[in-house]
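What follows is calculated from the coordinates using simple rules that are stated; it is not laboratory data. Please read these numbers as outputs of a predicted model, since none were measured by experiment. Cβ coordinates were reconstructed from backbone atoms using ideal geometry, including for glycine residues, and neighbour counts include every protein chain displayed.
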Amino acid sequence: MKSSPEANIYSEKMSEAIERAKACRIFLEDFKLSGDRYQFDSAVLQFRKSLECMVYCSIAPNKKEYEEFRQSSEKPADFRKDYNATKILTMLGKINAEFYPQAAQKELSYLHGHHHFSAKKGEFLTKKRFIAIYDRLGKFLHADNPWSNSKGIHNLVVDIDASLNYLFDLLKCHIVYVKTRKFIGIWLVEVNIQISPCLVEVYEAKRAEAPKS
């Protein structure tokens, strides 16, 4: 199992992302039963924070490169103050186009007696879906202006429900592609979401070099 400051941060924030998503679901179910607006607001806050934890995870294996990118921008900034998930995703994409986690499944090779990971098919929280739901959640972080139009709470409840399923299906087993000056390869991540706090395990695999001719 991978052990480093970056991997430890990844594990910690991934666990937080999952636990906040679980809390979101609890608040959301309470809102469905009671119609209590404060339960809905709590669900929105927990889910938005869950998504922000996800992007902090994505910074972890790219920390040095991301820090340098932020310092060398037209308006140098301290990456430790970054919090907007959509903006972070955009900037990470300029460092590593493959940074976003990819859903995977673990399979046992009976021939060699070991496990391997392969791409998993299905519906997941893609980067596009992530940005769409994150930005929508942001509209509900403030009190309603009594003269504005309805924000469409009930439509959002349906979309949050679906997005939570997409998030859990993506994160319970995923691959992270890492491209830094010191390491090119993948992190294999398994998350046991059935327990609280969830158990996160990070494994590292270097990309095989092409054979020399």
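A residue that is exposed (fewer than 12 other Cβ atoms within 10 Å of the Cβ) and free of Cβ contacts under 8 Å to residues at least 24 places away in the same chain cannot be found anywhere in the range 174-181. Exactly one residue out of Ala23, Ala17 is of a type in the set (A, V, I, L, M) and in contact (Cβ under 8 Å) with a residue 40 or more places away in the chain: that is Ala17.
Is one or more of the residues making up the range 2-10 among the polar types (S, T, N, Q), touching a Leu at 6+ places or on another chain (Cβ under 9 Å) and under 17 Å from His174 (Cα atoms)? Within the range 2-10 (the criterion being among the polar types (S, T, N, Q), touching a Leu at 6+ places or on another chain (Cβ under 9 Å) and under 17 Å from His174 (Cα atoms)), the answer is no, since none of the residues qualifies.
Within the range 74-86, does at least one residue satisfy the condition of being in contact with an Asp or Glu (Cβ under 7 Å, 6 or more places away or on another chain), surrounded by 12 or more Cβ atoms within 10 Å (Cβ to Cβ), β-branched (Val, Ile, Thr) and within 22 Å of Ala132 (Cα to Cα)? Yes, the range 74-86 contains at least one residue that is in contact with an Asp or Glu (Cβ under 7 Å, 6 or more places away or on another chain), surrounded by 12 or more Cβ atoms within 10 Å (Cβ to Cβ), β-branched (Val, Ile, Thr) and within 22 Å of Ala132 (Cα to Cα).
Listed here are the residues, each with its yes/no results for (1) aliphatic (A, V, I, L, M); (2) in contact with a Ser or Thr (Cβ under 6 Å, 6 or more places away or on another chain); (3) within 20 Å of Leu167 (Cα to Cα).
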| residue | (1), (2), (3) |
| --- | --- |
| Glu6 | no, no, no |
| Ile9 | yes, no, yes |
| Phe40 | no, no, yes |
| Arg48 | no, no, yes |
| Leu51 | yes, no, yes |
| Lys63 | no, no, no |
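One residue stands out in the range 125-150 among those that are under 12 Å from Phe47 (Cα atoms) and not β-branched (Val, Ile, Thr): the one that is nearest to the chain's Cα centre (by Cα), namely Phe130.
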